[in-house]
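What follows is a single structure, written as structure tokens, with notes after it.
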There are 2 protein chains.
Amino acid sequence: MSNGTPLPTHKDKPLFTPGPLTTSLPVKLAMLHDAGSWHWEFNAKVLAIRDKLLALAGVSRAGGFDSILLQGSGTFGVESVFQSCVPGNGKVAVLSNGAYGERMVLMLQRARIDHVVLRTAENIPNDPAALDALLAADPAVTHVAAVHCETTTGIINPIEALGRVARTHRRTYIVDAMSSFGAYPIDFAAGAIDYLISSANKCIEGVPGFCFVICRRAVLDATAGWARSLSLDLLDQLKGFEKNGQFRYTPPTHSVLAFERALVELDMEGGIAGRAARYQDNHRTLVAAMKRIGLLGYLPDGVQGHIITSFIYPRHPKFDWTEFYRRVAEKGFLLYPGKISQADTFRVGNIGRLFPSDMKAVVNAIAEALQEMGVTSTE
Amino acid sequence: MSNGTPLPTHKDKPLFTPGPLTTSLPVKLAMLHDAGSWHWEFNAKVLAIRDKLLALAGVSRAGGFDSILLQGSGTFGVESVFQSCVPGNGKVAVLSNGAYGERMVLMLQRARIDHVVLRTAENIPNDPAALDALLAADPAVTHVAAVHCETTTGIINPIEALGRVARTHRRTYIVDAMSSFGAYPIDFAAGAIDYLISSANKCIEGVPGFCFVICRRAVLDATAGWARSLSLDLLDQLKGFEKNGQFRYTPPTHSVLAFERALVELDMEGGIAGRAARYQDNHRTLVAAMKRIGLLGYLPDGVQGHIITSFIYPRHPKFDWTEFYRRVAEKGFLLYPGKISQADTFRVGNIGRLFPSDMKAVVNAIAEALQEMGVTSTE
């Protein structure tokens, strides 16, 4: 075992991934405190964070919404909604065009919750008309679940159109906005969203440790007694905050302090619009530079979001992903492998504390790596 | 909302709690890095941590054990064992003498797992003879679950004697060693322990964000297909580490880096024996100083451990816990309320980066607060 991570005398490799992300130094410095999870000072911060998340979502307690922080990764948050907010005789319709939709299916299988899956190809957005037909045909479906930005490819799904369909059929609507919340405007009213799940270490640019759920209070209140898990019991978690301001179980205090700072930096950047503008700039810069070295995106322009961008492997016998990844890493940049079954791709994240100059730098490293590997022509 | 937590120009209040704890500055400084959770550098650290936990437990992979890190608080770890390692027709015997035993009961209720509870009073250790009689009488019981240090009071339960009973009856044995692992020697062989759960931010003195389970591999392997939850699927989590070295879902990378450093500091202190010696010293210093100001421990000496110490409220009409807590906090020390239903107590944690001088200082603050409140005679 090494002597522990050294002090940051070296520069960390920037992370071109969908999270954990590169965060700002002030966000990390906020973690140099040990907060008492029972103490009023910390509880006041937790409440301020919950309030701020509601404001970012454009909703309010008076308007019937609330926000809940939950320990664990974003997956724990999505599963908490299924484990505690779907009744024993419930049935979930999952819209899937990638790994995160399929992960929802796995969760429902483990929890023995009845479900049906509406799949489209990984480069085709979810289909609201197909959902409409399904809900008309299957009155047993109680809940609809969709992924906003399917990080598998970076495709953006039409969550508002899906929500209108769910509302028409009076079904509860769950949105996994893990990698989009904070960098895409999301209209809860227009989208008829009942539960939205995101995570501390995505577009808010905090560090990992917890996730959060923004939900319609009346819908959550109706779930009393449904929970199949204690740790993942969302209503109980909210009631804990309301009772004494505390997480029911030990919170990741340092991650919470980092998130408080990350929310300040989001405001400093101009909120969701400002952050979206930088990520769009990153994405455009990336795509243009990659195109110049002959690497093309996987998704059609109209559905490719500005969160993470998928590129098709160079068609060249000397291209090998593992060697390519290693070479680019040794140059100081961490890429992300593809997760797609239908195409050979790799991904470059545009989110986190990255700027257009970082996008140009990573493409330069990619070009160098390809040249070293003898992958010279990449049409 | 404030401008975010300031840089640590002020001293954090030391935490006399059972966690999160006061940690060392180097442990916190280790968090000033953004690690890629997919990258080989981070994965090598995760493996080294898993190896080190096995070594601390005195077990090995060759000897049939393995260690698993899981996102979330310690409660998530205990629940992961119930949710994924108890079959549908399983039945758990829970030994309870406090809030953490009762929390296990809540978990089993939520998961609709059959169970039976063997309770003793909060100042009486679990009773191995009663467990023996229960297991002899009820062949339906498949699992036995106990809490080593019941943090409700700080009582130490006889986990080895309980384990011998479980082994005699060939039942699977689960130990919640949340607040003891790292500061009490635990003999897996003598105690016939199948699953032991602890957390990053207890006696190893890391920061919160994840927990860990050390388990007998053959017992875990037999659980395939039993999991009721995806996030809390322990066997799947282990298989994820084995497949590619990674957490299945986003890990709290900064907490993991802090834990790596915390393990180094545990070694520097002389391992479990050295850490236990300091905590014992803290506990002795605390009890002696409290006795001098007339405050007495709740537990009999023989069963009071050195992790956290319960004290009986002063018998005085002017004593009020809330005011007392506030006054001591304003003097710069954070106490912990009691969790006991059977007696009015408060608790002082001996664990974390605290030394006998801190214990003397907190008692001085307590004495001042009582004097200010007019709680002058505390017989």
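The values are calculated or read from the model by the stated rules, or taken from the named source; none is laboratory data. Values in this document were obtained by computation on a predicted structure and should not be read as measured data. Here the Cβ is made from the backbone with ideal geometry for all residues, glycine too, and neighbour counts use every protein chain on show. Side chains included, ligands, DNA and RNA excluded: accessible areas come from the protein's heavy atoms. Shrake-Rupley method; radii C 1.70, N 1.55, O 1.52, S 1.80 Å.
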Any hit, the stretch B:225-244, residues being among the aliphatic types (A, V, I, L, M), within 30 Å of A:Ile113 (Cβ to Cβ) and within 20 Å of the chain's Cα centre (by Cα): yes
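So, in the stretch A:318-335, exactly how many residues are in contact with a Gly (Cβ under 6 Å, 6 or more places away or on another chain) and open to solvent by less than 60 Å² (accessible area, probe 1.4 Å)?
Counting residues in the stretch A:318-335 that are in contact with a Gly (Cβ under 6 Å, 6 or more places away or on another chain) and open to solvent by less than 60 Å² (accessible area, probe 1.4 Å) gives 1.
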Residues (of a type in the set (A, V, I, L, M, F, W, C) and either free of Cβ contacts under 8 Å to residues at least 12 places away in the same chain or assigned to a strand (DSSP E or B) (or both)) located in the stretch A:100-118: A:Leu106, A:Val116, A:Val117, A:Leu118
Conditions (1) more than 14 Å from every other protein chain (Cβ to nearest Cβ); (2) surrounded by 18 or more Cβ atoms within 10 Å (Cβ to Cβ); (3) among the acidic types (Asp, Glu); number of the one not met by B:Glu79: (1)
Test result for B:Ser179, of a type in the set (Gly, Ala, Ser), touching a strand residue (DSSP E or B) at 6+ places or on another chain (Cβ under 7 Å) and either within 30 Å of B:Phe355 (Cα to Cα) or in a loop (DSSP other than H, G, I, E, B) (or both): yes
Any helices (runs of 4 or more DSSP H) falling wholly within the stretch B:195-280 and containing at least 1 residues that are away from chain A (no Cβ under 14 Å): B:217-221, B:234-244
Subset tally (residues that are open to solvent by less than 40 Å² (accessible area, probe 1.4 Å) and either charged (D, E, K, R) or assigned to a helix (DSSP H, G or I) (or both)) for the stretch A:119-151: 8
Verdict on A:Asp51 being more than 13 Å from chain B (Cβ to nearest Cβ), among the charged types (D, E, K, R) and surrounded by fewer than 23 Cβ atoms within 10 Å (Cβ to Cβ): no
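Quickly run through the stretch A:346-379 and pick out the residues that are within 27 Å of the chain's Cα centre (by Cα) and surrounded by fewer than 16 Cβ atoms within 10 Å (Cβ to Cβ).
Of everything in the stretch A:346-379, those that are within 27 Å of the chain's Cα centre (by Cα) and surrounded by fewer than 16 Cβ atoms within 10 Å (Cβ to Cβ) turn out to be A:Phe355, A:Ser357, A:Lys360.
Among A:Leu286, A:Leu230, A:Leu238, which is farther than 25 Å from B:His39 by Cα, open to solvent by less than 10 Å² (accessible area, probe 1.4 Å) and touching a residue at least 24 places away in the same chain (Cβ under 8 Å)?
A:Leu238
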